[in-house]
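The structure appears below as structure tokens.
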Amino acid sequence: MKLQVNTLLALYSVLDFAADPQRHIPASEIADRYGVSAHHLAKVLAELARAGVVESVRGVGGGYRFSANARRLTLMDVIQLFEDISSPRREAEDTAADRAIDTVLAEVDQMARATFSSITVATMLRLVEREAGSR
């Protein structure tokens with residue numbers, strides 16, 4: 001499963017917000033960190049806000065902050081906001097080999113979905129912290 005740029009930006013943003021859930025972080029700060037335009041990121045953040053993952057606060061000292069439950073929100077919850085997670089059928093000839101390959105690819109996608117569904121934001125924060133400490 002290959003994730004689109006918007007999906008990755010959403011995951012990065014969610015982890016940034018969840019790492020300091022009381023702080024309001026400006027979109028421009030996150031956009032600068034990941035080398036994208038604030039306008040592009042604002043579209044991603046708007047989708048996260050519609051889903052209740054973050055909340056937007058306008059004005060001085062405003063920005064976005066994490067509003068979900070890090071122990072319940074999974075990576076798949078975020079991914080499915082931006083991705084069509086159904087297993088697409090490949091355009092191929094209808095041979096036994098094609099069907100066998102499709103079966104394997106569908107199984108790989110199912111394993112990826114199951115893995116993303118089992119990893120919470122809280123688990124990812126611990127992994128990020130561990131990776132930061134190892135450098």
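Derivation of every value follows stated rules applied to the coordinates shown; laboratory data play no part. Owing to the predicted nature of the structure, the values given are computational and were not obtained by experimental measurement. Note: ideal-geometry Cβ built from the backbone for every residue, glycine included; neighbour counts use all protein chains shown.
State all residues of region 34-54 that are touching a helix residue (DSSP H, G or I) at 6+ places or on another chain (Cβ under 8 Å), assigned to a helix (DSSP H, G or I) and more than 10 Å from L9 (Cα to Cα); if no residue qualifies, say none.
First, the residues of region 34-54 that are touching a helix residue (DSSP H, G or I) at 6+ places or on another chain (Cβ under 8 Å): 34, 36-38, 40-45, 47-48, 51, 53-54.
Next cut, assigned to a helix (DSSP H, G or I) only: 34, 38, 40-45, 47-48.
Selection gives A38, A42, K43, E47, L48.
Filter region 93-128 down to the residues that are among the charged types (D, E, K, R) and either assigned to a loop (DSSP other than H, G, I, E, B) or farther than 16 Å from L11 by Cβ (or both) and list them by number. Reasoning before the result, please.
The initial filter retains those residues of region 93-128 that are among the charged types (D, E, K, R), namely 93-94, 98-99, 102, 107, 109, 113, 126.
Correct list: E93, D94, D98, R99, D102, E107, D109.
All but one of (1) crowded, with 17+ Cβ neighbours inside 10 Å; (2) touching a strand residue (DSSP E or B) at 6+ places or on another chain (Cβ under 9 Å) hold for A31; which doesn't?
Failed condition: (2).
From R71, R50, R65, grab the single residue that is among the basic types (K, R) and crowded, with 16+ Cβ neighbours inside 10 Å.
Matching residue, one of R71, R50, R65: R65.
I want to confirm something. Restricting to region 74-92 and keeping residues that are outside any helix (DSSP H, G or I) and acidic (D, E), which single residue is surrounded by the most Cβ atoms within 10 Å (Cβ to Cβ)?
Across region 74-92, the extreme among qualifying residues is E83.
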